[in-house]
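K.L.:
Got a structure here, written out as C-alpha cells. Questions coming.
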Amino acid sequence: MTDAAAINTAAVEEGKRRRARMRLREQMAKRDRTLVTPEGAALTLRISTFGERFGAFLLDIGLQFILIFVIIWGIATIAGAFERQGWQIAFAVAQVLIFFVRNFYFIFFEIGRKAATPGKRALGLRVADRRGGRLTANAVIARNFLRELEFFLPLSVLFSFGGDGVETWITWLLLLWCAVFVLFPLFNKDKLRIGDLVAGTMVIHAPKVRLLKDIASVEPVHDGVITFSTEQLDVYGIHELHVLEDVLRQSTDEIKTNVADRIAKKIGHSPQPGETALSFLEAYYAGLRRRLEQRMLFGDRKEDKYDRR
Amino acid sequence: MSDRVMKSYRFREEREADWAKLEHIVKRAENKGVGGLSDAEISDLPHLYRQAVSSLSVARNISLDQNVVAYLETLCARAYFFVYGTRARMSERIAQFFSRDWPAAVSAARGPTLLAFLCLFGGALLAFFLTLNDNEWYWTLHGGWDSRNPNATYDELRATLYTEDRDIVDMLGAFAAQLFSHNSGIAIFAFALGFAFGIPTAVLLIYNGVYIGSFYAVFWQKGLAYELTGWLFIHGVTELFAIILAGAAGFMIGGAVAFPGRKSRMQSMRDSGEKAAMVIIGAVIMLFIAALLEGFGRQLINIDEVRYSIAGTSLVFWLGYFYIPRRGEVDRRD
C-alpha cells in the first residue's frame, strides 16, 4: 500500500518536472524568430529579453559617464596650463564633445559593422532589421533619437516634481503618459521599444559560440571498450543527452562522479576494471548519441526518457 | 574503434576546417571591414557561407551535439549579416546623403514642412499681436528673468543687439556650444514626440513661436524691429528652418501612425521613420551651422545691412538646395 503510494507520488513529481521543462522550452521557442535567407535556409534568431536589453543600456550609460568624465578631466588638465582664457575655451570644447557623446554614442556604434554598442556586445546582443534585410543608417538614427522620448523625457519629468497642487497632478499625468513609452517593450512579443517600432528594427541575442571538441571523439583512456546493450541505451532520450553534454563540458569532477553513479544504477551497468567515472560517461554519451541519431534518421525522435515508443 | 565513428562525427570532421575558415574571415571582416580581407578570402566567402548554411540545416537533422548546432547557428547568422549587410563605405554614404538623400527627403516632405511652418509662425503672430495690444501678455508667456522685457528702455534693448567689445572671442565659442546643445535638444524632441500623432510636436512648435513673437513685440514697440530682425535672422533663417524641419519629421511619423492608409500601421510607421530620420539628422546639421552663425557671425558683424544679406543668402541657399529638382542618380542606398 505504502509502496504504491510512493510510486504514485514519484510519478506525479516526474510529471510535474516534465511539464515544467516543456513550459520552459515553449518560452524559449516563443523568443525564436525564423529568418529565411535568400538561399532558402532558415536561420533562427533569438529575441533578446527586456532584462538583457536593460542591462546593456545601463552598461552603455555607465560607459558614457566614464567617457564624459575622461573628457572633462583631460580638457581640464590641458586648460589648467593656460590662463583664464584657456578655461573658457576648454568649457566650450567640453560642451561640444559631451553633446556628441550624449547624442551620437549609440548611433556611432550601431552603424558600425557589429551593429551593437559595447554594452550590447558585452551581453551578446545586436540590432537587426526586423525583416532580415539590411540594417540601414537611417533606421539606426531613428531608433536612437527616439530614445530621448523613452528615457530622457521621463527622467526629466521625474526631476520636475516639487510644485504645488495642480502642478503635482500634471506631473503625475505626464509621468503616466511617459510610462506608456518606458514600459512598451514589456507588452509586445518582440520586446520592441518605440524606437524599434519606428525604425523597423529588433534586438537579437546572438552571442558568439566557440566550437568545442566533440565529446564522442575523445579516445577512451583505458584498453577495454565499454559497450552498452540497446536496452541500456534506450533508457534515456534527447533531453537527457543534452544534459549529459552540459555535465561533461562544464561541471566539476564531483558532479560527474555523482551523475555517473546514478546512470550506472539506472541502466544496471557494472563497472569494468580500469573504468573511471569520466570514461564511463563519455562512452555512454557516445553510445547514447549514436543510438538516438540513428533513430532520428528514421524519423523517430525520442525527446526524453518518458517518451516510450 | 570504427564502431565509435558516427555519421554526425564524420560529418563534422569533413567540414570543420571550412567552418573555421569562414569564422576567421567573418571575424576579420567584423573588425576591419571589407578592406581588411584579401582577394582570396573575398572569393572564398560566398562559397564558404553557402556551405555553412547547408551544414546548419543538415546538422539540425542528423546531429544531437548541441554545441555544433549552436555554433553553426551563430556562425551562419554572423556570416549572413556580413554577406547581406551594408557594403558602402562611410565616406560614400555621407557624400550620397548630402548630394541626394537629404534634399530628396526634405523636398518630399513639403506638406509636413508647411504644417510645421504654420504652427511656428502662427504661434509667433498670435503672441506678437497679443503682446502688442497688452503688455501683460509678455509676462504670461515669459518668465521674469529676462532683462529684455517691456520695462526695458530703448538703449538697454539696443545694447543687447550689438556687441561693442570684440575681445571675447573665446567666450563666443562657449556660447555657440551651449546654444547648439539646447536647440538640438528641442529639434530631437520635436521629432521624437511626433510619434503621439504629432500633437506634442505641434504644441512644442507653437510654444517656440509664441516665445519669439512676444519677444519681437517688445522690440517693435520701442522701434527696434528693423535692428532685431537683422540680429535674429542672421542665424535665425537657418535655425528656424531646422526647427521647422524637425517638426516636419515629427509630423511625418505622427501622420504615418494616425493615417496608415492601405499599409499596416507598423509598415507605414517604418517607411516614414526611414525618411524622417534623414530629415532630422539634416536638421541637427543645420542647427550646428546656425550655432556657428549665431556665436561668431552675429557677434563679429554689427552692421544691419550685412546681417540682412547673410540672412537672405542663407534663405536662398537652403531653398535652392532643398527644392530645386536635380537629376536622378543611381540608387545606392543602404
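Each value in this text was obtained by applying a stated rule to the coordinates, not by laboratory testing. Worth saying up front: this structure is predicted, and the values here are computed from it rather than measured. As a convention, Cβ positions derive from the backbone with ideal geometry for all residues, glycine included, and neighbour counts pool all protein chains shown.
K.L.:
Are there any helices in chain A, counted as whole DSSP H runs, that stretch 24 Å or more along their axis by Cα and score at least -0.5 on average by Kyte-Doolittle, and if so which?
P.N.:
Helices meeting the criterion: A:50-79, A:84-111, A:166-183, A:277-297.
K.L.:
Another question, then. Two decimals is fine: what is log10 I(q)/I(0) at q = 0.09, 0.10, 0.14 Å⁻¹ for chain A, from a Debye sum with one equal scatterer on every Cα and no solvent?
P.N.:
Taken in order of the listed q values, log10 I(q)/I(0) reads -0.74, -0.84, -1.14.
K.L.:
Mind checking the full-extension length gain between B:Val69 and B:Tyr84? Use 0.36 nm per residue of separation minus the Cα-Cα distance, one decimal, nm.
P.N.:
Full extension of this stretch gives 3.2 nm more.
K.L.:
On to the next question. Could you compute the FRET efficiency for A:Leu158 and B:Arg265, with r as their C-beta to C-beta distance and R0 at 35 Å, rounded to 0.05?
P.N.:
After rounding, the FRET efficiency stands at 0.70.
K.L.:
Which of A:Ile194, A:Tyr306, A:Leu241 sits closest to the plus end of the dipole of region A:181-309, meaning its Cα is farthest towards the positive end, when Lys and Arg get +1 and Asp and Glu get -1 on the C-beta?
P.N.:
After comparing all options, I get A:Ile194.
K.L.:
Please work out the FRET efficiency for the pair A:Ala81 and B:Phe98, using the Cβ-Cβ distance as r and a Förster radius of 41 Å; give the result to the nearest 0.05.
P.N.:
In this case the efficiency is close to 0.60.
K.L.:
May I pose another question? Using the C-alpha atoms of region A:169-306, what convex hull volume per residue, in cubic angstrom, is computed?
P.N.:
Normalising the Cα hull of region A:169-306 by residue number yields 212 Å³.
K.L.:
Okay, moving on. May I ask you to derive the FRET efficiency for A:Thr49 and B:Arg28 from their Cβ-Cβ distance with R0 = 35 Å, giving the value to the nearest 0.05? Could the numbers behind the result be given before it?
P.N.:
Numbers: r = 31 Å, r/R0 = 0.88.
Efficiency at R0 = 35 Å is approximately 0.70.
K.L.:
To the nearest 20 debye, what charge dipole does the protein assembly as shown have about its Cα centre, counting +1 at the Cβ of each Lys and Arg and -1 at the Cβ of each Asp and Glu? Walk me through the intermediate numbers first.
P.N.:
Working: 76 positive and 68 negative charges, 465 e Å.
Magnitude of the dipole: close to 2240 debye.
K.L.:
If I stretch the segment between A:Lys114 and A:Lys189 completely, what's the gain in nm (0.36 nm per residue apart, minus their alpha carbon distance), one decimal?
P.N.:
Full extension of this stretch gives 24.5 nm more.
K.L.:
Hey, what does the equivalent ellipsoid look like for the protein assembly as shown, semi-axes from the Cα gyration tensor as sqrt of 5 times each eigenvalue, largest first, whole Å?
P.N.:
Each semi-axis is the square root of five times an eigenvalue, giving 64, 27, 23 Å.
K.L.:
So, with +1 on the Cβ of K and R and -1 on the Cβ of D and E, and no other charges, what is the size of the charge dipole of region A:1-142 about its Cα centre, to the nearest 20 debye?
P.N.:
With Lys and Arg at +1 and Asp and Glu at -1, about 480 debye.
K.L.:
Let me ask something else. Can you sort A:Phe161, A:Phe109 by how many other beta carbons sit within 10 Å, fewest first?
P.N.:
The order, fewest Cβ neighbours first, is A:Phe161, A:Phe109.
K.L.:
Let me ask another. Label points 7 Å out from Cα along the Cβ direction at B:Asp304 and A:Glu254: separation in nm?
P.N.:
The modelled label-to-label distance comes out at 9.0 nm.
K.L.:
Still on this structure, I have one more. Kindly flag which residue pairs out of A:Lys114/A:Lys191; A:Lys208/B:Lys275; A:Lys30/A:Lys256; A:Lys189/B:Lys263 have an alpha-carbon separation exceeding 25 Å in this structure.
P.N.:
With Cα atoms farther than 25 Å apart: A:Lys208/B:Lys275; A:Lys30/A:Lys256.
K.L.:
Within a 10 angstrom radius of each residue's Cβ in B:52-63, how many Cβ atoms of other chains show up on average? Whole number is fine.
P.N.:
That works out to 3 on average.
K.L.:
Can you pull the percent of Cα pairs in chain B with separation above 33 Å?
P.N.:
So the portion of pairs separated by more than 33 Å is 49 percent.
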